[in-house]
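One structure below.
The values are calculated or read from the model by the stated rules, or taken from the named source; none is laboratory data. Bear in mind that the values here come from a model prediction, so they are computed numbers and not experimental data. Note that we place each Cβ from the backbone using ideal geometry, even for glycine, and neighbour counts take in every protein chain shown.
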Ligand SMILES: Cc1ncc(COP(=O)(O)O)c(C=O)c1O
């Protein structure tokens, strides 16, 4: 009954976990949810007002399939002003979220058997969407010891005659690692004499700490105008996950192909959300800046607390709102008589023993780790860490 295409892909681990957490919450359990992938801040008032105005003015009909011209122009203005990249509105596709933009682009460029290089730990949708497009994900492992950055040599070693594209996320979900301009340049140099497409997911670009300045991969790679596609959106930077607005910016030929696919699936993104997105891109950015300051405060707190726990280590992330601690020292321990063998078992143990939801690293292609999202209040972070600490103490006791 179910197609082979769908049978070859997995459900998103974050969606699975979130569903479990919701079910437990609904059953009356007092859960701490560290699995969320969205800012806990409200969408700024002026953005919501723009949507209300659109409704009041009956702007509730279809827009152009690739997005309203005014919104595509606002994206171009953003890319020029913030990233020093020149695009025309014809090179922009507005989709229903960055995930949708990524999907449309990958379905438009990947042929059966094409290899697509993806650094791990990765956002779970990358390999699945590559598989849906009948491509072959080729994973290049970023190690904890290297701050979860891949090196130029590692990237080079994965390039073959079948390599079609390199999917790059910066800052990274799930590790929060961010690449310096020097590191970006080294990766770009490896790609210099190739015609490999670069798909650069920059959805966390605004969520950078310690005064690090964001550089788009398209700013450093050669022939970017011919082969780099930027994927971005408003979900994370403007706390707009539910509005479902993302975009792709790249060579017109690719954008037109992706728009053609979109025209036969979802058509244009929500009109009301597009009006809100114009206000977000063209309006004041103060709320976002305040959000970043608060995320950095929480990062500092949670990293310190986690590193104080015995047998657990946590690298310091430079961006996003996740930490990715190493929990492999707990493998082999028994909880209620069953051995904890992997990160999924460890997450299940925390769910039961600490009523705390985390995402197993295996869902991001990295066994031995868990992802904790600190996109929740400081009070909840403190409570969750205290629960984890108690559960780990009990686990140590159970294991003598
Ligand atoms: C790396 C990465 N890219 C893209 C997305 C998708 O964002 P959107 O809500 O715009 O579809 C996410 C969301 O979690 C993400 O983590």
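Here are the numbers for this structure:
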{"quantity": "Count of residues meeting criterion [within 19 Å of residue 251 (Cβ to Cβ) and assigned to a loop (DSSP other than H, G, I, E, B)] in segment 194-226", "calculated": "8"}
{"quantity": "All positions within segment 221-257 that are touching a strand residue (DSSP E or B) at 6+ places or on another chain (Cβ under 9 Å), more than 16 Å from the ligand (Cβ to nearest atom) and within 18 Å of residue 269 (Cα to Cα)", "calculated": "255, 256"}
{"quantity": "Scope segment 149-170; condition within 17 Å of residue 114 (Cα to Cα) and assigned to a loop (DSSP other than H, G, I, E, B); matching residues", "calculated": "159, 160, 161, 162"}
{"quantity": "Residues located in segment 72-98, provided they are within 14 Å of the ligand (Cβ to nearest atom) and either part of a loop (DSSP other than H, G, I, E, B) or out of contact with any strand residue (DSSP E or B) (no Cβ under 7 Å at 6 or more places or on another chain) (or both)", "calculated": "96, 97"}
{"quantity": "Selection count where residues are in a loop (DSSP other than H, G, I, E, B) and away from the ligand (no atom under 16 Å from the Cβ), scope segment 19-41", "calculated": "5"}
{"quantity": "Exclusive hit being assigned to a loop (DSSP other than H, G, I, E, B), more than 30 Å from residue 210 (Cα to Cα) and without any contact (Cβ under 8 Å) to a residue 60 or more places away in the chain, set 341, 390", "calculated": "341"}
{"quantity": "Hits in segment 292-332 (condition: crowded, with 20+ Cβ neighbours inside 10 Å and either assigned to a loop (DSSP other than H, G, I, E, B) or at pLDDT below 95 (or both))", "calculated": "314, 315, 317, 318, 320, 321, 324, 325, 327"}
{"quantity": "Cβ-Cβ under 8 Å pairs, at least 6 apart or on other chains, segment 123-148 side assigned by TED's automatic domain parsing to the domain that holds residue 370, far side away from the ligand (no atom under 16 Å from the Cβ)", "calculated": "none"}
{"quantity": "Candidate set from segment 278-304 (those that are in contact with a strand residue (DSSP E or B) (Cβ under 8 Å, 6 or more places away or on another chain) and in contact (Cβ under 8 Å) with a residue 24 or more places away in the chain); member that is nearest to residue 68 (Cα to Cα)", "calculated": "292"}
{"quantity": "Condition met for residue 55 (assigned by TED's automatic domain parsing to the domain that holds residue 244, under 30 Å from residue 156 (Cβ atoms) and not in a loop (DSSP other than H, G, I, E, B))", "calculated": "no"}
{"quantity": "Filtered residue count, segment 359-378, keeping only those that are under 22 Å from residue 297 (Cβ atoms) and assigned to a loop (DSSP other than H, G, I, E, B)", "calculated": "4"}
{"quantity": "Residue within segment 64-71 that is part of a loop (DSSP other than H, G, I, E, B) and either within 16 Å of the ligand (Cβ to nearest atom) or under 21 Å from the mean Cα position of the chain (by Cα) (or both) present", "calculated": "yes"}
